[in-house]
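The values are calculated or read from the model by the stated rules, or taken from the named source; none is laboratory data. Just so we're clear, the structure is a prediction, and the values are computed from it rather than from any experiment. Cβ atoms come from the backbone with ideal geometry, glycine included; neighbour counts cover every protein chain shown. The protein model used for the area step is the full one, side chains on, heavy atoms only, and it has no ligands, DNA or RNA in it. Shrake-Rupley method; radii C 1.70, N 1.55, O 1.52, S 1.80 Å.
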Amino acid sequence: MRATTVVELAERDGVGLPDGLRDGRYAFRDFRHFIDEWVAGLRCLREPEDFRRVAVEFCQDEAAEGVRYAEAFFSLPDHAGKVRDWDGTLAAVLDGLGEGKRRFGIAVSLLVDVVRGIEMDLSRRAMEAAVRHADAGVIGITLGGEERFPPEPYAEIFEAARRAGLRSVPHAGETFGPASIRGALDALGAERIGHGIRALEDPALVERLVERGVALDVCPTSNLRTRSVQSLAEHPLPAMLAAGLTCTLASDDPAMFGSWLTGEFEVCRSVFGFDDEAIAELARSGVRASFADAATKREVEHGIGAWLAA
């Protein structure tokens with residue numbers, strides 16, 4: 001969500017906002033403070049049109065970065081306190097993504113978040129809503145929220161989703177260690193993992209991830225902003241690639257973190273010292289690990305090749 005949109009909606013509905021966010025910008029100290037600002041933004045979404053608007057604006061902002069295909073997460077359970085019609089809300093988001101494709105030429109597939117640390121029934125409802133919209137643009141579910149809540153209790157929910165044909169892309173190994181990643185693999189059948197930056201702490205886990213080819217969606221600037229790493233220079237992405245892990249470059253929440261994808265590639269060049277071929281290969285990994293259709297993958301890979309040739 002654009003911070004300016006949060007402010008506009010908050011003023012409309014009389015919603016109080018934390019310091020910093022009231023000024024039309026995101027400013028937070030650590031992961032906990034990030035969650036506080038995230039929740040404040042959620043309180044500003046009330047009507048289906050609000051959700052539709054955010055989806056359209058997301059497409060516009062991503063397209064401006066040169067993105068042509070994205071897989072975005074939507075934390076439906078976070079809205080349970082004020083939104084009763086989950087299907088209508090999800091349909092509004094998908095409708096906004098459809099308008100974004102028509103207007104800005106970007107295709108966005110959606111993964112619905114199963115949120116740690118809330119009532120399990122809400123997470124189950126989110127999965128069931130995702131299944132009902134599987135033919136309308138929802139491709140999978142993810143496990144978000146604070147990693148102090150382990151993956152294993154959500155095994156049944158993810159199993160039901162996979163049986164229905166949805167993909168499994170949980171967050172793991174960002175703020176908690178290798179056990180979080182192993183749980184995502186064993187209990188949730190993870191096909192990709194959000195973050196996974198703590199994998200290097202367990203050589204046996206690294207070997208397993210390499211053997212299975214499970215991609216890790218790595219978000220350097222996000223990890224810095226939430227203090228999951230102390231500096232970009234200390235970020236483990238180069239070591240992860242050197243260990244043979246399949247990594248994609250992702251932006252997490254670009255509006256909140258200022259982590260637009262173009263900037264993440266620039267971090268790879270200016271901080272990690274990646275040359276053009278290394279950057280292109282990282283981009284190709286993102287294409288290959290995505291759930292896009294074959295035609296979309298060919299189109300985007302062609303664009304990467306054209307950039308490299310130029």
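So for the stretch 164-219, considering every pair of alpha-carbon atoms, how many percent are separated by more than 18 Å?
Details: 286 of 1540 pairs.
The share of Cα pairs beyond 18 Å in the stretch 164-219 comes to 19 percent.
Pick from Asp121, Asp275, Asp293: which residue has the top mean-square fluctuation in a GNM of the chain where Cα pairs under 10 Å get a spring?
Greatest mean-square fluctuation among the candidates belongs to Asp293.
If you place +1 on the Cβ of every Lys and Arg and -1 on the Cβ of every Asp and Glu, how big does the dipole about the Cα centre of the stretch 194-310 come out, in debye to the nearest 20? Write down the numbers at each step before the final one.
Numbers: 10 positive and 17 negative charges, 33 e Å.
Roughly 160 debye, rounded to the nearest 20.
Once you compute Rg and the Kirkwood Rh from C-alpha atoms, what is the Rg to Rh ratio for the chain? The partial results should precede the final answer.
Working: Rg = 18.5 Å, Rh = 19.7 Å.
For the chain, the value is 0.94.
On alpha-carbon atoms, Rg over Rh for the stretch 13-89 using Kirkwood Rh? Don't skip to the answer; put the middle values down first.
Numbers: Rg = 13.9 Å, Rh = 14.2 Å.
Using only Cα positions, Rg/Rh for the stretch 13-89 is 0.98.
Highest GNM mean-square fluctuation, the chain, Cα pairs closer than 10 Å: which of Ile279, Ile181, Ile193?
Ile279
First compute the accessible area of the chain with a 1.4 Å probe, then give the percent of it belonging to carbon and sulfur atoms. Kindly include the intermediate steps, with their values, before the conclusion.
Working: 6710 of 13560 Å².
Percent of accessible area from carbon and sulfur atoms in the chain: 49.
Given H placed on each backbone N at 1.01 Å, which residues far from Asp113 in sequence or on other chains put an amide H within less than 5 Å of it?
Phe74, Ser75, Leu76, Thr142
Please identify, among Pro203, Pro151, Pro48, the residue showing maximal mean-square fluctuation in a Gaussian network model of the chain using a 10 angstrom Cα cutoff.
Top of the fluctuation ranking is Pro203.
So, with +1 on the Cβ of K and R and -1 on the Cβ of D and E, and no other charges, what is the size of the charge dipole of the stretch 1-144 about its Cα centre, to the nearest 20 debye?
Details: 20 positive and 26 negative charges, 17 e Å.
The dipole of the stretch 1-144 has a size of about 80 debye.
What is the log10 of I(q)/I(0) for the stretch 60-175, computed with the Debye formula using one identical point scatterer on each Cα and no solvent, at q = 0.15, 0.16, 0.22 Å⁻¹?
-0.66, -0.74, -1.21
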